[in-house]
Amino acid sequence: MSCIDFEKFVTDIIDGYRCTARELESVAKLPLGQLVDGAHRVTQSCSSRTFNFCAIVNAKSGRCSENCRWCAQSSHYEGKCSVYPLLGKQAIIENALKAKASGCTRFSLVTSGRKLAAREVRECAEIVRALREVTSMEICISAGLLTKSEFELLHQAGVTRCHCNLETAPSFFSKVCDSHTIEDKIKSLKAACEAGLEICSGGIIGMGERLKERIELALTLRDLGVPSIPINVLEPIVGTPLGTQPYLSEDEIIRTIALFRFANPEAYLRFAGGRRRLSEQATRMALRAGINSAIAGDMLTTKGTGIDDDKRLVKAAGYRLENENSLDFDHEHLWHPYAATLSAPTVRKVIATEGTRITLDDGTQLIDGTSAWWCAAFGHRHPKLVDAIKRQLDTLPHVMFAGFTHDPAIELGRKLLKMVPAGLQKIFYADSGSVAVEAAMKMAIQYQCAVGQAQRTNFVTIKKGYHGDTWNAMSVCDPVAGMHSLFGSALTARYFIESPSCTFDGHFNEDDMKELQSLLQTHDDIAALILEPVFQGASAMRFYHPRFLKEAKTLCERHGVLFIADEIATGFGRTGKDFACQWANVTPDIMTLGKALTGGMMTLSCVLTTNKIADSISAAAPHAFMHGPTFMANPLACAAANAALQLYREHDWLGEAKRIEHGLKEGLFSLRAHPGIRDVRVLGAIGVVELDQPVESRWIQEKFIRQGVWVRPIGNLCYLMPPLVTTNQELKTLTMAVCRVLQKQIERQNSRQCNGND
Ligand SMILES: *Cc1c(COP(=O)(O)O)cnc(C)c1O
């Protein structure tokens, strides 16, 4: 392969190209320096720059029934090794704590034998439970050819990763072991995946295999989607059949690592056994070629290296250590939104924000395509908002709102009433969107009770909605996309009607009203209809015809049912109107606001309603609306909201929304024709790409970050809701990144068999 070709080869790989065995064979002939430089570029662009150490403990040793020809633990040979049954809890815990103290973030229990016996699997699960009581390190298990149900048992106990090396190329395996097959191993790895575990699988080089076979191994691992690949170099052990195998040269070892990197651009390549023989110079080259993780500690039957030496070399190679910037603490102890704590999602540390930019602790700047969950409408850390909060902080950061009032609350109320649909007269401040929805629902019920309709205690909503995560808010979220199946009968059953079929600018279809009409006619237990006007956010990211609102409001009025508009996502210009209800000139009976209310600075929400409703509630016993959060009308939050509304008034933000709408259409509509894309839709400063399949969230987040943007799809919905201050150039960067990354995602999903790392 010529120089130019190699350049293209590297660029293509960075771009997602899956190389062939042939290409790797030809690349392998290049001078070592050139090969390593190419692999280094792939590592830098595609794989983790944070290095992690996994400590292993040999939890059960020797007397193995298998005849792996390299292994001292095989009972077929005379290799020297310790022989002991499964270690006790205490010994293993001590080992783990020591590993943790030395900077390891993973801990792996390794046991000898074809597989653990059922009793030992249960014992292991107990050990892992005991481990998890004292440490939150990630736990791996390497216990042979277990079945799915055995893996499930271990997963429930807290294991997150299964380790099982393929060891060598499928075509070579029978030459080094014939007591089990490589198919047995693949079957077990697939079972681990199905049980929800991540997989870690690599091999040993230097067992007499040829380059061709190393390449075959690298590509087999790729096709399995293995995210963590240990690379061992054979340490010939006296007494085993491979005991007289010659050592691999340093050149061959480094070359192999580079080839593994080209074959597995994103994976962790993990230095494992046999590396201690490498000179420091060769270790440096191996790190450069793509080693970005290592196994530390007791290296089974051969000696591992000292972790402090490792750390020094790793840092010199430009990696960060996983436990260095407290991300390991986050990983082990902090729960993130909608996230597991086993195999917790990757999070990045943010150190600053400004305008449209989010700055990470490594200096990376991302253009925020989400407005931080749709709240930073005027950009992050707007100086006027910052200033307002600072000033407020000096005089009155907080006081209870019962029995007291203050200027920030009064001022904010004044501003809100000037903006919201006429007729809304009363304002109830709350502390988050979900709480506002709870309060709105309680208001509706207290109202119905007050007007002699105490039987009206239920709600109707349209499917595909989202209203928050608290109890009642959750009950009116979409019954399928929402969390209903999980909480089952603990949630009150609501009435769900189909969400309007007609699109925002399509033809309105009267039939869309029929279901609501007949429901309201036949049921007298409904207190209110609650919906997100025009734009259904978190559950569906879809727009519907405004006329639906008008007709629904009329039906509600006719049947004494209240109309609640949840404008938490749509308020303040997002859809191209101040409030989405205004697309239909509807004044809701109750309206909720949140998210952009403080310009994304503080948590604050409010519920607005009419005098009719407030008066009715107040006139009836107990002559009060029964809700009152501790931090109600927090002055700091009100001051931020005041400044945000002031900003909102001073500038033509609807014009900006229009401009962004144009940019989103221009940038995203080209995806419409692309296979794998179901729909692309845009309204105001909201652009949505709906895919046929859910995206791999972990993979796609990484790809977006590499493009310099912050975009976070929900399932199969990839959306942009950038701050309204986003420039046209930034918008272009965002839409180009979405097009590029989604196309790559679709290609990748079409070409993978087993999704190992999501
Ligand atoms: C985000 C959202 C909520 C919930 O707000 P939180 O502040 O997250 O509690 C409620 N309704 C809608 C429409 C939302 O988009």
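The values are calculated or read from the model by the stated rules, or taken from the named source; none is laboratory data. All figures in this text were calculated on a predicted structure; none of them were measured in a lab. Using ideal geometry, Cβ is built from the backbone for each residue, glycine included, and neighbour counts are taken over all protein chains shown. These area figures cover heavy atoms from the full protein model, side chains too; ligands, DNA and RNA do not enter into them. Shrake-Rupley method; radii C 1.70, N 1.55, O 1.52, S 1.80 Å.
A compact table of results
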read-out: Rule-of-thumb Rg ratio for the range 630-691 [Cα; 2.2 N^0.38 Å; N residues]; value: 1.68
read-out: Peptides 679-689, 587-597, 331-341, 147-157 ordered by average Cβ neighbours within 10 Å, highest first; value: 587-597, 679-689, 147-157, 331-341
read-out: Inter-label distance for residue 17 and residue 490, nm, one decimal - labels placed 7 Å from Cα along Cα-to-Cβ; value: 5.2 nm
read-out: J(HN,Hα) series, the range 605-618, from Karplus relation 6.51 cos²θ - 1.76 cosθ + 1.60, nearest Hz, glycine and proline x; value: 9, 8, 10, 10, 8, 8, 4, 4, 6, 4, 5, 4, 4, 6
read-out: Residue-by-residue Karplus 3J(HN,Hα) for the range 113-120, coefficients 6.51, -1.76, 1.60, Hz, glycine and proline x; value: x, 4, 6, 5, 6, 3, 5, 5
read-out: Mean residue ellipticity (222 nm) of the chain, computed from DSSP H runs ≥ 4 via -39,500 (n - 2.57), nearest 500; value: -12000 deg cm²/dmol
read-out: Rg/Rh ratio calculated on Cα atoms of the chain (Kirkwood radius); value: 1.04
read-out: Mean accessible surface per residue for the chain, computed with a 1.4 Å probe while every protein chain stays in place, in Å²; value: 41 Å²
read-out: Relative contact order (%) - the chain, alpha-carbon pairs under 8 angstrom, separation at least six; value: 12 percent
read-out: The range 488-557 - convex hull of alpha carbons, volume per residue in Å³; value: 101 Å³
read-out: DSSP beta bridge pairing in the range 444-576, given as percent antiparallel to the nearest 5; value: 20 percent
read-out: For residue 430, residues with placed amide H under 5 Å, excluding near neighbours; value: 605, 606, 607, 633
read-out: Quarter of Cα convex hull surface for the range 77-189, i.e. mean projection, nm²; value: 8.0 nm²
read-out: Residues whose placed amide H lies under 5 Å from that of residue 529, excluding near-sequence neighbours; value: 460, 562, 563, 564
read-out: The range 679-729 - Kirkwood radius from inverse mean 1/r over Cα pairs (Å); value: 11.8 Å
read-out: Packing-based order for 512-518, 60-66, 261-267, using average beta carbon neighbours within 10 Å, highest first; value: 261-267, 60-66, 512-518
read-out: Longest to shortest principal axis, alpha-carbon extents of the range 433-554, angstrom; value: 38, 32, 23
read-out: Residues with amide H under 5 Å from that of residue 198, placed H, sequence gap 5 or more; value: 161, 162
read-out: Mean separation of Cα contacts under 8 Å, 6 or more apart, over the residue count of the range 643-758: relative contact order %; value: 26 percent
read-out: Calculated from backbone phi, Karplus (6.51, -1.76, 1.60) coupling profile of the range 187-198 in Hz, x at Gly/Pro; value: 4, 5, 4, 5, 4, 5, 4, 5, 7, x, 8, 7
read-out: Total formal charge among the other residues, if their Cβ is under 11 angstrom from that of residue 378, Lys/Arg +1 and Asp/Glu -1; value: 0
read-out: Share of carbon and sulfur in the accessible heavy-atom surface of the chain [1.4 Å probe, %]; value: 53 percent
read-out: Tilt relative to the chain, helix 250-263 - C-alpha long axis, 0 to 90 degrees, to 10; value: 30 degrees
read-out: Crossing angle, helix 433-450 versus the chain [Cα axis fit, 0-90 degrees, rounded to tens]; value: 40 degrees
read-out: Contour excess over end-to-end distance, with Cα ends at residue 621 and residue 670 and 0.36 nm allotted per residue; value: 11.7 nm
